[in-house]
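In what follows, a structure is listed as structure tokens, so that the remarks can point back to it.
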Amino acid sequence: MKRLLPVTIFTLVLMVIGTSIAFAGEIQSPDSDLVTGAQLYDRWYAALGIPAPHGDMPIWSRQSTNTRSGAETWRCSECHGWDYKGVEGAYASGSHQTGFPSIIRATADMTEEDIVAHLKGGNDSAHDFSKYLDEGSMGQVAVFLKEGLIDDAQYIDSISLKVIGGKLERGKDLYDSTCAECHGDDGTKIIFRTEGVDETLGDVANRDPFRFLHRTRFGVAGTEMPVGYALGWTPADGRDVLMYAQTLARGKEPEEITGAGEGSGPSELIGGATNLWTGILTGIGAFFATFGSALLFLTVLVLIGVVIVTALRRRN
């Protein structure tokens with residue numbers, strides 16, 4: 001037994017080291033900051049689970065083309081668009097037009113520290129979010145703006161809003177394995193309520209593809225939803241899912257498209273994705289996805305330890 005003690009200790013040390021290595025990446029991964037930052041960009045008060053500020057965002061009065069008011073005026077996505085190009089992109093015209101700048105261009109030469117300073121009102125007191133977002137949350141927005149922005153013009157035709165060069169079968173496979181459980185095979189299981197109009201997933205994919213891509217990658221603020229980025233989906237995977245979603249059932253007669261996101265607003269989910277059982281199942285799935293690789297790593301270490309112990313016992 002005394003001869004086996006060093007081997008046992010060695011095996012335990014390996015397990016401790018393995019656990020540290022396996023879990024350190026999960027706990028410290030900057031990817032979680034990027035995803036959270038993307039959801040804060042979407043609708044930060046929903047992501048934080050707090051009420052939206054009263055009234056309009058102070059900077060909102062500098063434009064007169066977008067007539068929305070209240071909570072919507074506080075969203076980064078409403079000012080700078082789902083394509084992140086502001087006045088240079090899909091929101092250059094239509095009901096979402098504000099004239100506010102492209103966030104891609106504005107942050108190109110900024111550091112994360114510069115972005116946080118701007119969010120504190122350092123460059124414009126009307127753009128001060130420090131009363132509502134703590135330092136950590138502003139840092140997460142900065143991570144997203146520096147590392148997560150993608151120019152989706154390469155994937156979406158600016159006139160028809162249809163996907164360019166996608167792989168339909170790949171999109172169907174990803175949709176069926178990840179999205180269909182909540183949205184249904186035809187995308188009608190969850191109905192989106194958009195400014196008084198009921199829409200299916202097919203409606204959203206065709207009318208506002210840039211929003212679809214953002215939320216497919218990073219989830220919807222304040223809801224339980226699989227996050228493509230966390231699942232390892234590439235931007236091209238998101239494009240393929242969008243391509244397939246554009247073939248799904250439409251809940252209303254197709255309208256002439258005049259611009260990406262025309263008429264879109266906050267989407268309230270009706271049914272499936274926010275019920276208790278779906279939330280529980282999503283949580284269980286996330287648990288196994290997060291810790292599965294670590295458990296596999298530990299299993300391998302234990303097997304190595306067993307092999308070593310067995311070999312030593314046979315020698316003695």
**OP:** Within region 93-114, count every residue that is assigned to a helix (DSSP H, G or I), more than 24 Å from Arg207 (Cβ to Cβ) and β-branched (Val, Ile, Thr).
**Re:** 1
Subject >> Yes/no for Gly228 being of a type outside the set (S, T, N, Q), at pLDDT 95 or above, out of contact with any strand residue (DSSP E or B) (no Cβ under 9 Å at 6 or more places or on another chain) and part of a loop (DSSP other than H, G, I, E, B) >> reply: yes
Subject >> Residue within region 45-67 that is closer than 20 Å to Phe144 by Cβ, in contact with a Ser or Thr (Cβ under 8 Å, 6 or more places away or on another chain), of a type outside the set (Gly, Ala, Ser) and modelled with pLDDT of 95 or more present >> reply: yes
Subject >> Hits in region 71-102 (condition: within 19 Å of Ala153 (Cβ to Cβ), of a type in the set (Asp, Glu) and over 18 Å from the mean Cα position of the chain (by Cα)) >> reply: Glu88
Original post:
Which of the residues spanning region 175-199 are over 16 Å from Val220 (Cβ atoms), outside any strand (DSSP E or B) and of a type in the set (Val, Ile, Thr)?
Top reply: Thr188
Original post:
Are any of the residues in region 152-164 over 18 Å from the mean Cα position of the chain (by Cα), among the polar types (S, T, N, Q), farther than 14 Å from Ala245 by Cα and outside any loop (DSSP other than H, G, I, E, B)?
Top reply: yes
Original post:
Pick from Ala142, Ala71, Ala117, Ala126: which is closer than 28 Å to Ala236 by Cα and part of a helix (DSSP H, G or I)?
Top reply: Ala142
**OP:** State all residues of region 141-157 that are over 16 Å from Ser102 (Cβ atoms) and among the small types (Gly, Ala, Ser); if no residue qualifies, say none.
**Re:** Ala142
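Just checking, does region 78-100 include any residue being in contact with a Lys or Arg (Cβ under 6 Å, 6 or more places away or on another chain), hydroxyl-bearing (Ser, Thr, Tyr) and either under 25 Å from Arg211 (Cα atoms) or modelled with pLDDT of 95 or more (or both)?
So in region 78-100, the residues in contact with a Lys or Arg (Cβ under 6 Å, 6 or more places away or on another chain) come out as 82.
Next cut, hydroxyl-bearing (Ser, Thr, Tyr) only: none.
The answer is no, given that none of the residues of region 78-100 is in contact with a Lys or Arg (Cβ under 6 Å, 6 or more places away or on another chain), hydroxyl-bearing (Ser, Thr, Tyr) and either under 25 Å from Arg211 (Cα atoms) or modelled with pLDDT of 95 or more (or both).
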**OP:** Kindly indicate whether Thr178 is within 17 Å of the chain's Cα centre (by Cα), surrounded by fewer than 24 Cβ atoms within 10 Å (Cβ to Cβ), without any contact (Cβ under 8 Å) to a residue 12 or more places away in the chain and more than 15 Å from Ala38 (Cα to Cα).
**Re:** no
**OP:** Taking the options Thr200, Thr194, name whichever one is modelled with pLDDT under 90, surrounded by 17 or more Cβ atoms within 10 Å (Cβ to Cβ) and polar (S, T, N, Q).
**Re:** Thr194
**OP:** Considering each of Gly187, Gly196, Gly94 in turn, give the residue that is over 19 Å from Asp42 (Cα atoms) and touching a helix residue (DSSP H, G or I) at 6+ places or on another chain (Cβ under 6 Å).
**Re:** Gly187
**OP:** Could you list, in sequence order, all residues of region 74-91 that are among the acidic types (Asp, Glu) and part of a loop (DSSP other than H, G, I, E, B)?
**Re:** Asp83
**OP:** Kindly indicate whether Pro235 is at pLDDT 95 or above and surrounded by fewer than 23 Cβ atoms within 10 Å (Cβ to Cβ).
**Re:** yes
Subject >> Residue in region 117-133 that is out of contact with any strand residue (DSSP E or B) (no Cβ under 9 Å at 6 or more places or on another chain), under 24 Å from Ala47 (Cα atoms) and acidic (Asp, Glu) present >> reply: no
Subject >> Hits in region 129-166 - residues which are surrounded by fewer than 17 Cβ atoms within 10 Å (Cβ to Cβ) and among the charged types (D, E, K, R) >> reply: Lys131, Asp134, Glu135, Glu147, Asp151, Asp157, Lys162
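The values are calculated or read from the model by the stated rules, or taken from the named source; none is laboratory data. Note that the structure is predicted; figures quoted are calculated from it, not measured. Heads up, the Cβs are rebuilt from the backbone with ideal geometry, glycines too, and the neighbour counts pull from every protein chain shown.
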